[in-house]
Amino acid sequence: MKLIGIDSSGLVASVAIVEDETLVAEYTVEHKKTHSTTLMPMLDEIVKMSELNLQEIDAISIAAGPGSFTGLRIGSATAKGLAYSLNKPIVPVPTLAALAYNIQFFDGIICPIMDARREQVYTGLYTFNGGEFTELKEQRALSVQDLLEELNNEFSGEKVVFLGDGVPVYKSVIEEKLINTHFYAPANISKQRAGSVAVLGKMYYNRGITETAESHEPVYLRLSQAERERNEKNSENRE
């Protein structure tokens with residue numbers, strides 16, 4: 001079984017090829033480049049280097065959101081283009097689940113956080129229960145304060161590991177407010193990786209969780225800044 005993985009949901013651009021139990025290739029970059037100019041050249045490079053016949057892939061796995069509105073749209077357009085041209089299904093993988101899947105078999109709570117601005121984060125809570133990847137709290141947008149209160153109260157006594165681009169933004173708040181014993185993922189597994197998107201996508205594919213190119217849309221969770229400002233302006237005009 002062969003899958004392509006794509007993640008452009010945040011600052012990182014990442015593409016990967018997974019075949020059965022092998023991560024054949026992964027190309028990940030976080031360096032002041034726009035995903036619109038990097039994603040397809042990166043994918044072309046790993047396809048060429050791995051001598052992959054694209055017609056042989058079974059599906060395109062995509063980090064479906066939440067995340068950067070622009071990044072999600074670029075990733076979605078890339079996945080849809082491939083799915084159309086190859087007549088293959090898309091496997092939508094929740095961004096936070098894919099991030100959490102970087103931390104294999106941690107004995108505690110895995111808490112990915114992405115900076116959603118306005119003192120909020122995109123987050124979810126996950127664990128490996130008996131070796132099985134398990135969602136404890138579905139991905140959502142909430143304030144950092146609410147997240148830390150939830151961990152202190154509902155998951156009191158549990159160890160927590162944090163990862164994602166929200167860590168450097170809110171680390172001081174975590175250190176001040178969180179009672180639980182906690183850790184931070186090292187740099188090699190702290191951000192999005194398309195390899196995790198592809199491997200998790202393989203699990204979802206086997207469960208029949210797929211979409212067509214026509215039906216796939218990113219999951220934003222929140223309105224964009226432009227949409228919020230337009231709604232606020234319309235509300236003011238009505239008043």
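Points worth noting:
- Coupling constants for the stretch 11-20 follow from the phi torsions by the Karplus curve (6.51 cos²θ - 1.76 cosθ + 1.60, θ = phi - 60°), and in residue order they are 5, 8, 10, 8, 9, 8, 10, 10, 10, 6 Hz; glycine and proline get x.
- Whole-Hz couplings from phi, Karplus 6.51/-1.76/1.60, listed for the stretch 185-194; x for Gly and Pro: 5, x, 4, 6, 10, 8, 10, 4, 9, 5
- For the options K202, K88, K48, a Gaussian network treatment of the chain with springs between C-alpha atoms closer than 10 Å singles out K48 as fluctuating the most.
- Here the accessible area of the chain is 47 percent carbon and sulfur, with a 1.4 angstrom probe and all protein chains present.
- Within the chain, helix-based [θ] at 222 nm, where runs of 4 or more DSSP H residues each add -39,500 (n - 2.57), nearest 500: -11500 deg cm²/dmol
- Net charge of the neighbourhood of E154, taken over other residues with C-beta under 12 Å away and scored Lys/Arg +1, Asp/Glu -1, is -3.
- Taking 0.36 nm per residue of separation and subtracting the Cα-Cα distance, full extension of the segment from Q104 to E132 would add 9.1 nm.
- Per-selection Kirkwood Rh - the chain (Cα, Å, 1 d.p.): 18.4
- For the chain, modelled as a GNM whose springs connect Cα atoms under 10 angstrom apart, the maximal fluctuation among L200, L151, L96 occurs at L151.
- Rounded to the nearest 10 Å², the accessible area of T70 at probe 1.4 Å: 80
- Helix 225-238 and the longest principal axis of the Cα set of the chain meet at an angle near 60°.
- Karplus 3J(HN,Hα) series, Hz, for the stretch 119-135 with 6.51 cos²θ - 1.76 cosθ + 1.60 (x for Gly, Pro): 6, 10, 10, 8, 7, x, 10, 9, 7, 9, 8, x, x, 9, 5, 10, 8
- Counting only heavy atoms of the protein chains and using a 1.4 Å probe, F155 has close to 30 Å² of accessible surface.
- Solvent-accessible area per residue, Å², over the chain with all protein chains present [probe radius 1.4 Å]: 50
- Most to least accessible of I4, I74 (protein chains only, probe 1.4 Å): I74, I4
- For the stretch 104-184, the share of alpha carbon pairs falling in successive 5 Å distance bins from zero is 3, 16, 29, 28, 16, 5, 1, 0 percent.
- Surrounding net charge for I57, when Lys and Arg each add one and Asp and Glu each subtract one, Cβ distance under 12 Å: 0
- Each label point was placed 7 Å from the Cα along the Cα-to-Cβ direction; for I179 and T22 their separation is 5.1 nm.
- Relative packing of peptides 51-57, 212-218 - highest average C-beta neighbours within 10 Å first: 212-218, 51-57
- For L125, neighbours were defined as the other residues whose beta-carbon sits under 12 Å from its Cβ, and their charges (Lys and Arg +1, Asp and Glu -1) total -3.
The values are calculated or read from the model by the stated rules, or taken from the named source; none is laboratory data. These figures come from a predicted structure and were not determined experimentally. All Cβ positions, even for glycine, are placed from backbone atoms using ideal geometry, and neighbour counts span all protein chains on display. Calculation scope for accessible area: heavy atoms of the full protein, side chains included, ligands and nucleic acids excluded. Shrake-Rupley method; radii C 1.70, N 1.55, O 1.52, S 1.80 Å.
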